[in-house]
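Notes for the one structure printed next.
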Amino acid sequence: MKYLKMQDCRRSQSRVAPIPLCRNVLLGVLIVIGLLEPSAKAGMPSASPATISNTGSSFAIALSRPVWDGKTLLIHADRGTLSVTVVSDDIIRVHFTPANSSGRNDSYALADGHLSAIDPSVEIGPDSTILRTTKLTVSIQHNPLRISFADAASAALDEDDPEHGMVFSENGFSVSKHLDEDEHVYGFGEKNGRLDKRGWNLGGYNYVMWDTDTYMHDAATDPLYVSVPFFMTLRQGKAHGIFLDNTWRSFFDVGHDHPGLLTFGADGGDLDYYFINGPDPKDVIERYTSLTGRMPLPPLWSLGYNQCRYSYYPEARVRELADTFREKKIPADVIWLDIDYQDNYKPFTWNHERFPDPKKMISDLQAQHFRIVCIVDPHPKKEKGYAPYDEGIKKNYFVKNPDGTVYQGPVWPSHADLNPGPSVFPDFSNPAARQWWGQLYRGLEDDGIAGIWNDMDEPSVFDTPSGTMPMNVVFNNDGHPATGYQMHNVYGQQMSRATFEGLSRIRPNERPFVLTRASFAGGQRYAALWTGDSTSDWSSLRQSVAMLLGLGLSGFPFVGSDIGGFVGSPSGELYTRWLQFGVFCPFMRSHSDSTSPSKEPWVFGESDEAINKSAIELRYQLLPYIYNVMEQASETGVPALRPLFLEFPRDEHVAGIDDEFLFGDDLLVAPVLLEGATRRDIYLPEGDWYNYWTGEQVKGGQTIHLPVTLKTIPMFVRAGGFIFSQPVVQSVDEMPGNPLEVLIAPAKSSASWFYQDDGETLGYQKDRFMKRQFSQTRDAQQTVIAISAPDGSYHPAQRELVLKLWADHEPKNVLLKTGGKTSRDITLPKLAGNTTTDSASGWSCGNGLLTIKTPDSIEPMQFTVDGISRP
C-alpha cells in the first residue's frame, strides 16, 4: 500500500475570510488488481497518490467475444460492458460501464457536435480485434485487455502499458500508458509548474482534478480552481490527446511515481476517455474542442483594459476612478464591483448607503464609455424575506443533505457586519434551478450591468476542513440524484452555464460576458477564466505565463491573471512587467485584495505611470488584431495565446519554452519576467523575424540577446505576418471610423484574413460580419498587396486604410487598382506631411517604413509598389 504524501497545510481563504485547507490530504489506498493475467498481478505498482480513496475490493472481468454494430465495438463482461466507439476518423471513445451503473448518461463536458466517421472496419479474432478508420488503427488485445492506437501508416501513437494497462476496483479505475523519454506532455487546464509536464530531468508532475479555493497559491499548489482532465502529448513532431470524461476526483501522474508511465484514473464513475489524433497539435485542440465546445465570440469591450479591486466603494470612489482614467487619458473600458456593493454580501442586492442610485451611476459611467461588471457568488443567505432564499426553498432549488433537508454552510453572509448567517447553495445540476438563477440577473441587467463575475463557485465554504461542501450532499443531476463526489467538479461550470444562459434570455441579441473562477472541461462555452488569488511576486508572474498557456491548450482561450498579483504589494517594476504581459492576455485586468494597496496604473509614481499608460495604449492599438485572433479562437478552438511548439512542433528547442509565446499566428512576444533585467534572451524559431519596433530583420533558429529597459516589450513579427492595428483610443466606443492600420512583414508570399463585426450583438451569427483576405507577393522588383472583396454583410464606418511596409528604399511608384463597379488605376502621390494625419491619399517613407494611405472602399483593392526590395 502507498500513502499519499502530506503536503504543507496552510490557511486558505478567498479574499480575507479564514478557511483552513490542507492540500491533498486524502490518504488513498489502491489495490491494483484488474484486467491482468494472474502472473502479472503481483508486479503491479501502486497507483499515483490522490487516486482511488475508497477502493473496496478490486475485480477481474471475464470477457466475451466482441460484437461490432458498424460504429461501436461492444465487449460484454460479467462486471459491465466495454465499448470502443468511432466518434470520427480521428477520435475514438473508450468507455467501460459497470453492470451496476445507473444514473445520468449525458456528459457535462461534451457539446452538441456533429462528428462522424467514414466507413470504419473491424477484424475480430480469437485473441485480438483490429478497428480501422481512414486515419487510425486501433488494436484491442482481449485478455489481458490492452488497447493501442496507431496512425494509418501503422506508426505507433499511444498504447496501454503491457504490464499495467487498465485497472478497476469497485469504486474507481486507473489506466497506465507507455511514456517515451522524448515525449512531451501538455494541458491539464489550470495547473502550476512548467508548461511541459514532463518537468525537469523527466521528473514529471502529479496532478489532481478537484476544484479548490486556493488563496495565495504558488508553484507547489495543487489542485487549483479548475479541473480539465485533458492532456496532449508531442513526440517527434506528432501530437495526440486524451480526454478523460469523468467528473469525479481524478489524478494524472506524468512519469512522476513511475517513470515511463503516464497513469490516470478516478475515485469513481465510468472509465470514459477519448483518444484524439493529430498529428499537428493544433489539430488535436480543434478536435478536442469539437467535442467539448468552443468559446463564444466575446463582446469587444471585454477585451479592453479592466480595473478591479476588492472593493471599490462607495459610489464616489467609483466615480473618482472613472474620472481619473479619463483625465489622465489612460484607456480603459470596464470597472468591476466586488462583494462590498451588496447588502451584507447577499447576491442580487445593492447596499444603498454606499450606492444610493446604482442605475443613475451606471448610466453616468456609460456616458464616459465605461461598463460595469459586478460579482455574484453562489451563496444566497438563509433569511426569510430575502426573495432568492424564499423562492429557492419554495421551489426546491437548493443542494440537499442526505436526509433531504437543505444543506447550509458559512460563506460571506456569515461574515456580514449586520445579522450574519449561513448560506444555502443553488443546485445548478437541476435545469429548473439553472433557469431560475439565470432570471435573477434581470434586476442587475435592468440597472445597466454589462457583465457578471461568478466567484467562490468551487464551491467554497468557510470553516470546514475541506473548504467545500461535505461529499454526501445530494444533487439533482438532471433527475438522476448524485452526491458531491460526482458533482463537485462541475458546480462552477454549471453556475457559469446558468449565468450565461440567463443573460442570453434577458438580452437575447447581446453577447453575454461571464467570468468564472471555477470550471470543468467544456466550461469555455459559458465563461472566461482568471487564475484566482495569486501573489504579488516575480515567481507568480512567471507562473502565470505557463498557466495561461496550459489553459489555452486545454480549450480555454479567454483567460487572464490578476495584473500585479491579487495578494500583496508589488513593486512598481513588477506591476509594470505584469501589465506588459497583460497586454497579450485575452482577459486583461488589474485586481487587488482588500488588505493590499490599490493597483491602478498611476499609483507607482509619474515615471511608472507613463510606462504603464504606454503599455495599455499598445493594447488598444492592437485591438483589431486581438479581436481578429479571438474570433479565430471562437471558430477553431486554437487559443490566441500560443506556446511556440503549437506553431513549430518539430522544433525540439521550443518544446519546453514557457516564458515567451505567440499571440495568434504572427506576433511573438517575450515579456520581461526577471527583476532588474537589462537583457532578454529570446529564442526565435526557424524563419525570418522582424523586430516590431524597429523593423530589423533577424534570422530564426537561434537565441538572441536583446538589451531591455523598463519600457521594453520585446515583440517580433513572423515573416509574412499581417498585424492589424489602429490609433490609440480611450475605449472601444471610439473605434468606429478610426483608420485601419496594417503592418505587413516581408515574405515572398503570404496571406491573412481580417474579421470585423459590430462587437456587441449576435448579428455576426446571421451574416452581419465582414471578412477580407489580405495577401502579398514579392520579388526583387515589385511588391503587390491585394485585399479581397468582403464576405458578409457588415460594413464598418467610413475610415482610412493605412498600410505599413518595411522598406530598404523609397518606392519608384505606388499604384492603387480598385476592383469595384468603377474599377480604376490610381498612381498615389508622395505626401510631404505625416501620412497618418494628412487628409489626402498617398505615401511617405521614413525610418525604413513605407506608409500608404487611402480611403477604405470596402471593395477589392490592389497596391503595386515598385522598388522597395526585401524578399
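The values are calculated or read from the model by the stated rules, or taken from the named source; none is laboratory data. Because the structure is predicted, anything quoted here is derived from the model rather than measured. With ideal geometry, Cβ positions are generated from the backbone for all residues, glycine too; neighbour counts draw on all protein chains shown. Areas reflect the complete protein model, heavy atoms only, side chains present, ligands, DNA and RNA absent. Shrake-Rupley method; radii C 1.70, N 1.55, O 1.52, S 1.80 Å.
Odds and ends about this structure:
- Glu675 satisfies every condition listed in (1) part of a strand (DSSP E or B); (2) more than 26 Å from Thr233 (Cβ to Cβ); (3) open to solvent by 10 Å² or more (accessible area, probe 1.4 Å) except (1).
For (1) more than 28 Å from Lys613 (Cβ to Cβ); (2) out of contact with any helix residue (DSSP H, G or I) (no Cβ under 8 Å at 6 or more places or on another chain); (3) not in a strand (DSSP E or B), each residue gets a yes or a no:
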{"position": "Asn738", "(1), (2), (3)": "no, yes, yes"}
{"position": "Val742", "(1), (2), (3)": "no, yes, no"}
{"position": "Phe754", "(1), (2), (3)": "no, no, no"}
{"position": "Gln776", "(1), (2), (3)": "yes, yes, no"}
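- Hits in the stretch 542-560 - residues which are open to solvent by less than 10 Å² (accessible area, probe 1.4 Å), within 21 Å of Gly304 (Cβ to Cβ) and under 10 Å from the mean Cα position of the chain (by Cα): Leu548, Leu551, Gly552, Phe556, Pro557, Val559, Gly560
- On inspection, Glu660 qualifies as under 29 Å from Gln236 (Cβ atoms), open to solvent by less than 10 Å² (accessible area, probe 1.4 Å) and charged (D, E, K, R).
- Any chance Ser598 is modelled with pLDDT under 95 and open to solvent by 10 Å² or more (accessible area, probe 1.4 Å): yes
- Test: residue in the stretch 145-161 that is part of a loop (DSSP other than H, G, I, E, B) and touching a Pro at 6+ places or on another chain (Cβ under 9 Å): no
- Members of the stretch 567-590 that are among the aromatic types (Phe, Trp, Tyr) and part of a helix (DSSP H, G or I): Tyr575, Trp578, Phe581
- Residue match in the stretch 283-292 (condition: surrounded by 24 or more Cβ atoms within 10 Å (Cβ to Cβ) and in a loop (DSSP other than H, G, I, E, B)): no
- When the criteria are applied in full, Arg442 fails the requirement of being within 21 Å of the chain's Cα centre (by Cα) and among the basic types (Lys, Arg).
- Every listed requirement among (1) at pLDDT 95 or above; (2) not in a strand (DSSP E or B) is met by Gly204 save one, (1).
- Lone unmet requirement of (1) over 21 Å from Gly172 (Cα atoms); (2) open to solvent by 10 Å² or more (accessible area, probe 1.4 Å); (3) of a type outside the set (Ser, Thr, Tyr) for Trp248: (1)
- Among the residues of the stretch 162-195, those identified as assigned to a loop (DSSP other than H, G, I, E, B) and either of a type in the set (Phe, Trp, Tyr) or within 23 Å of Ile285 (Cβ to Cβ) (or both) are Leu179, Asp180, Asp182, Glu183, Phe188, Gly189, Glu190, Lys191, Asn192, Gly193, Arg194, Leu195.
- Test set (1) under 15 Å from Pro671 (Cβ atoms); (2) small (Gly, Ala, Ser); (3) open to solvent by 10 Å² or more (accessible area, probe 1.4 Å); (4) in contact with a Lys or Arg (Cβ under 8 Å, 6 or more places away or on another chain) - Ser539 fails condition number: (4)
- Among the residues listed as Lys346, Lys381, the single one being more than 21 Å from Leu503 (Cα to Cα) and in contact (Cβ under 8 Å) with a residue 40 or more places away in the chain: Lys381
- Selection within the stretch 123-142 - under 27 Å from Leu262 (Cβ atoms) and surrounded by 15 or more Cβ atoms within 10 Å (Cβ to Cβ): Thr129, Leu131, Arg132, Thr133, Lys135, Leu136, Thr137, Val138, Ser139, Ile140, Gln141, His142
- Enumeration of residues in the stretch 591-623 that are hydrophobic (A, V, I, L, M, F, W, C) and either touching an Asp or Glu at 6+ places or on another chain (Cβ under 8 Å) or closer than 17 Å to Ala322 by Cα (or both): Trp602, Val603, Ile616
- The single residue among Ala99, Ala156 that is modelled with pLDDT of 95 or more, open to solvent by 30 Å² or more (accessible area, probe 1.4 Å) and hydrophobic (A, V, I, L, M, F, W, C) turns out to be Ala156.
- When the stretch 561-572 is filtered for residues that are surrounded by fewer than 24 Cβ atoms within 10 Å (Cβ to Cβ) and either under 22 Å from Gln632 (Cβ atoms) or touching a helix residue (DSSP H, G or I) at 6+ places or on another chain (Cβ under 8 Å) (or both), only Gly572 remains.
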